[in-house]
1. Among the residues of segment 18-37, which ones are touching a Ser or Thr at 6+ places or on another chain (Cβ under 8 Å) and outside any strand (DSSP E or B)?
2. Output the number of the condition that ASN421 fails; it satisfies all remaining conditions of (1) buried (at least 22 other Cβ atoms within 10 Å of the Cβ); (2) more than 16 Å from ligand 2 (Cβ to nearest atom); (3) not hydroxyl-bearing (Ser, Thr, Tyr).
3. Among the residues of segment 234-280, write down those that are out of contact with any Ser or Thr (no Cβ under 7 Å at 6 or more places or on another chain), away from ligand 1 (no atom under 14 Å from the Cβ), in contact (Cβ under 8 Å) with a residue 60 or more places away in the chain and not small (Gly, Ala, Ser).
4. Check ILE21, ILE61 and return the single one that is without any contact (Cβ under 8 Å) to a residue 60 or more places away in the chain, β-branched (Val, Ile, Thr) and in the same structural domain as LEU109 (by TED's automatic domain parsing).
5. State all residues of segment 294-312 that are within 14 Å of ligand 2 (Cβ to nearest atom) and buried (at least 24 other Cβ atoms within 10 Å of the Cβ); if no residue qualifies, say none.
6. I'm trying to understand the selection: among the residues of segment 265-289, which are surrounded by fewer than 23 Cβ atoms within 10 Å (Cβ to Cβ) and either more than 12 Å from ligand 2 (Cβ to nearest atom) or not assigned by TED's automatic domain parsing to the domain that holds ASP449 (or both)?
7. Among what's in segment 230-258 and is within 12 Å of ligand 2 (Cβ to nearest atom) and within 24 Å of SER323 (Cα to Cα), pick the residue that is surrounded by the most Cβ atoms within 10 Å (Cβ to Cβ).
8. Can you tell me which residue within segment 347-366, out of those that are more than 24 Å from MET216 (Cα to Cα) and crowded, with 17+ Cβ neighbours inside 10 Å, is nearest to ligand 1 (Cβ to nearest atom)?
Amino acid sequence: MPAKLQLSFSNAVPKGNVTTICLIGQNGEIISHLEKDVAAHLIGVMATAQFTGKFGKSLLIYNDKNSYLLVGTGDNLTAGIEAEKLGGKVFLALSQTASKSGWLPDHKLDEIILADFCLGANLASYYFDSYFTEKDKDKDKVTVHLCMGSKELDAKSTVLTDRQALADGVFLARDLVFEPANKLYPVEFANRCLALARLGLEVEILDEADMERLGMGALLGVGQGSRRESRMVVMNWRGGEDEAPFALVGKGVTFDTGGISLKPAKGMEDMKWDMGGAAAVAGAMCAIAGRKLDKNIVGVIGLVENMPDGNAQRPGDVVTAMSGKTIEVINTDAEGRLVLADALHYTETRFLPQAMVNLATLTGAIIGALGKEYGGLFTNSDDLGSQLESAGKETAEGVWRMPMGPSYDRMLKSHIADMKNIGGPYGGAITAACFLARFVKSTPWAHLDIAGKAWSDSATDIVPKGGTGYGVRMLNRLIDNWQGASLSEKGQQSDD
Ligand code: BES
Ligand code: MN
Ligand code: ZN
């Protein structure tokens, strides 16, 4: 995965014909180290243009043969999302200049802020052009030259390489989400995961026979109507001592027609990204391995295509999950939970993880509840929940906690099996979460319903229109800050 932004390193900004990136504080204070006469000139221009240095504002000015991109940092620029957004804005401004290249002079900001700035510029540089026969050759030309003088910052800087690995993970997740379903089906998704072995990840692939042996009737039932075979991918990163791993689990429905409970035609093309949870897990594992984290992390992905055909599962069918529980499949379009039922049980029983987080584009109902601003968070552990909330806030990949409890869970009662796969007409995101909870026995666990987050309708500073890679940065932050978690006495329950 090549970086789409070019970074280059030198000691000082050359004398002529370049664009200098000038960071300006809230009150017009010049943060970048500039020569005195240049600084004096800029102060004059800022006064005329009433440029104050408000966060994210930018202004391109010309002086002799040089140009200066003034960028407002606001008051006291901080590391993390703020520096990233600023990097994204600078990338966009540079991509609109003729030279497409900018020189960042030495400044008072520390290395972490600088690395996050570069991460943001890099995240903004992402595009997906695999299926255009004519490529825009200028796209990869944007260059930021870092001139950190005495700080001797170079391509080997550990913070910069760390951020690069994180961007690689985000880019992988975005690529997977963008890919159409005729190109990216379960076996192909599994192959893309296999390629991550180059980073030192152990990657195992379970085929249908393996899953049959394990009794994964819930997952296999979803895939049985497709010409494409189902797969499960297990990615194991053993960076830590003999501790129990942290587990990530993803829904990977490479296309969701709804099956026999067929979806309407309008918008069905969106269901190519019904593997956004799996993409986030693959991206997170890519980043974790690339960053060489000193922890044990396991990523498990259930991969199926949900199609209607002569062999497809019917509404009313009863399947037996790996846990032994039986499920009456009332609606074949509620397939993600069937895939996760087996993926969660398999992960919990095989790896005995200290905690488990699953990501899934699980329900339209979560979009009804939260819009497209937050992922829905459901958990049996207040500790895990609050750490996810913090990680989400810090990375601008927010989650909002939703309730669970017996009064919702009861809606899954079936007359002929242990449960049915849908609840009543209301609270669909919650009953889906309660369904998943039935396949987790005793592990602190959280379910993130990311149906509103995997794909975006418009670009922001660091996220393109289309595949967002949502979850990769949040999961990395969660794991970096991880404090352990225990089960809560009772889940968050509604009044009975
Ligand atoms: N993949 C969909 C959920 C979804 C909807 C994701 C919109 C992204 C955008 C899921 O498999 C699904 O079809 N869910 C049904 C559940 C219903 C049948 C209980 C839904 O949300 O309508
Ligand atoms: Mn569905
Ligand atoms: Zn689905």
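1. Correct list: VAL18, GLN26, ASN27, GLY28, ILE31, LEU34.
2. With (1) buried (at least 22 other Cβ atoms within 10 Å of the Cβ); (2) more than 16 Å from ligand 2 (Cβ to nearest atom); (3) not hydroxyl-bearing (Ser, Thr, Tyr) applied to ASN421, the lone miss is (2).
3. Across segment 234-280, the qualifying residues are VAL234, MET235, ASN236, TRP237, GLU243, PRO245, PHE246, LEU248.
4. None of the other options fit; the residue is ILE61.
5. Correct list: GLY302, VAL304, GLU305, ASN306.
6. Answer for segment 265-289, where residues must be surrounded by fewer than 23 Cβ atoms within 10 Å (Cβ to Cβ) and either more than 12 Å from ligand 2 (Cβ to nearest atom) or not assigned by TED's automatic domain parsing to the domain that holds ASP449 (or both): ALA265, LYS266, GLY267, GLU269, LYS272.
7. Checking each candidate, the answer is LYS251.
8. It comes out as ALA365.
The values are calculated or read from the model by the stated rules, or taken from the named source; none is laboratory data. Everything numeric in this text was worked out from a predicted model, so none of it was measured. Cβ atoms come from the backbone with ideal geometry, glycine included; neighbour counts cover every protein chain shown.
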